[in-house]
Amino acid sequence: VQLQASGGGLVQPGGSLRLSCAASGSIFSPNAMAWYRQAPGKQREYVAQIISGGSTNYADSVKGRFTISRDNTKNTVYLQMNSLKPEDTAVYYCNILVMAVGYWGQGTLVTVSS
């Protein structure tokens, strides 16, 4: 399984970005796709998850600002990020859990700064 993330960049506080992550290879259902992030000098932390059926879950720090979605026909997960804050600055990684095995993408950098 391979994951390719894209969509990161520089955005001003209060702005928006949309991340995408396409999975390829042996993708079986059910599965769970998720986003994590790692800020400089900090441990990787959970951001949001969506399972095959569409149920979602969010970290408290992003609830109400971020929306995770997926297109099962494309094996792609999205993260719409609104009202971005400087503390959202991090490398964002996508993850897919298939048959109890987790796979990681390469990460995409999001920088929130004026």
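For the chain, the fraction of 1.4 Å probe accessible surface lying on carbon and sulfur atoms is 50 percent.
Each of Thr111, Ser69, Leu79 was placed along the dipole of the range 51-114 (beta-carbon charges, centred on the mean Cα), and the one lying farthest toward the positive end is Ser69. For the range 65-88, the residues whose amide N sits under 19 Å from a probe point set 7 Å from the Cα of Ser6 along the beta carbon direction are 69-81. Calculated accessible area for the chain comes out at 52 Å² per residue, all protein chains present (probe 1.4 Å; ligands, DNA, RNA ignored). Which of rounded, prolate, oblate describes the chain, given a ≥ b ≥ c as roots of the alpha-carbon gyration tensor eigenvalues and a/c under 1.5 marking rounded, otherwise prolate only if a/b is larger than b/c? Taking the square roots of the gyration eigenvalues as a ≥ b ≥ c, the chain is prolate. By the rule of a C-alpha distance below 18 Å, with chain neighbours fewer than 8 residues away ignored, the lysines paired with Lys63 are Lys85. Subtracting the Cα-Cα distance of Gln43 and Ser26 from their residue separation scaled by 0.36 nm leaves 3.2 nm.
Evaluating 6.51 cos²θ - 1.76 cosθ + 1.60 at θ = phi - 60° for every residue in the range 100-106, the Karplus couplings come out as 6, 10, x, 10, 10, x, 7 Hz, glycine and proline recorded as x.
The values are calculated or read from the model by the stated rules, or taken from the named source; none is laboratory data. Just so you know, these numbers come straight off a predicted model, no measurement behind them. Cβ coordinates were reconstructed from backbone atoms using ideal geometry, including for glycine residues, and neighbour counts include every protein chain displayed. Heads up: the accessible areas ignore ligands, DNA and RNA and are worked out on the full protein's heavy atoms, side chains in. Shrake-Rupley method; radii C 1.70, N 1.55, O 1.52, S 1.80 Å.
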